[in-house]
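Written out below as structure tokens is the structure these notes cover.
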Amino acid sequence: MTDHDQQHTDTTKLAERFGQLWQRCAVTDTQPDAVWESLQQHYQQPHRFYHTLAHLQQCLGELDSAGPAIEEADATEMAIWFHDFIYLYGAPDNEVRSAEIYRELAGPHMPVDFSERVCEFIIATQHTGNAPDQ
């Protein structure tokens with residue numbers, strides 16, 4: 001299997017996982033396809049070296065390994081998906097802007113309390129130093 005094939009397979013699995021989470025959390029009957037496409041597009045931007053779909057997959061693997069120790073698993077997972085939605089090297093507000101994008105995309109579809117918690121979690125991932133993307 002080539003790297004391209006592996007990425008395709010992983011992307012398909014990621015898309016399915018995101019879709020299941022979105023539908024599990026949404027209070028409206030909305031399909032997550034457009035949101036997934038936007039997530040995928042951002043995480044595959046050519047300037048990204050570390051903050052990619054592979055990084056998301058790694059984060060989700062860590063979440064899975066924590067299992068039942070995670071009290072707010074759906075909010076935590078949603079935050080993982082969006083935590084690096086916006087990534088501009090050296091920008092101090094990537095996480096705040098990522099949370100804003102999440103609010104825009106999820107606002108009409110997710111419970112308000114859930115979305116606020118997701119945004120808190122996204123902002124909690126704020127980097128205090130330079131990330132490895134260069």
Of the listed residues (99, 34), the one being open to solvent by less than 50 Å² (accessible area, probe 1.4 Å) and in a helix (DSSP H, G or I) is 99
Within the stretch 14-31, track down each residue that is surrounded by fewer than 17 Cβ atoms within 10 Å (Cβ to Cβ) and either outside any helix (DSSP H, G or I) or over 14 Å from the mean Cα position of the chain (by Cα) (or both).
23, 24, 27, 28, 29, 30, 31
Residue under question is residue 69, and the condition is that it be modelled with pLDDT of 95 or more, over 13 Å from the mean Cα position of the chain (by Cα) and under 25 Å from residue 13 (Cα atoms); does it hold?
no
Number of the exception - residue 47 against (1) surrounded by fewer than 18 Cβ atoms within 10 Å (Cβ to Cβ); (2) modelled with pLDDT of 95 or more:
(2)
Quick check on this structure: which one of 71, 104, 62 is under 17 Å from residue 17 (Cβ atoms) and surrounded by fewer than 13 Cβ atoms within 10 Å (Cβ to Cβ)?
62
What number of residues within the stretch 49-79 satisfy the criterion of being assigned to a helix (DSSP H, G or I), of a type in the set (A, V, I, L, M) and free of Cβ contacts under 8 Å to residues at least 40 places away in the same chain?
4
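The values are calculated or read from the model by the stated rules, or taken from the named source; none is laboratory data. Keep in mind the model is a prediction, meaning the values are calculated, not measured. Heads up, the Cβs are rebuilt from the backbone with ideal geometry, glycines too, and the neighbour counts pull from every protein chain shown. Accessible surface is based on the protein model in full, side chains and every heavy atom, while ligands, DNA and RNA are left aside. Shrake-Rupley method; radii C 1.70, N 1.55, O 1.52, S 1.80 Å.
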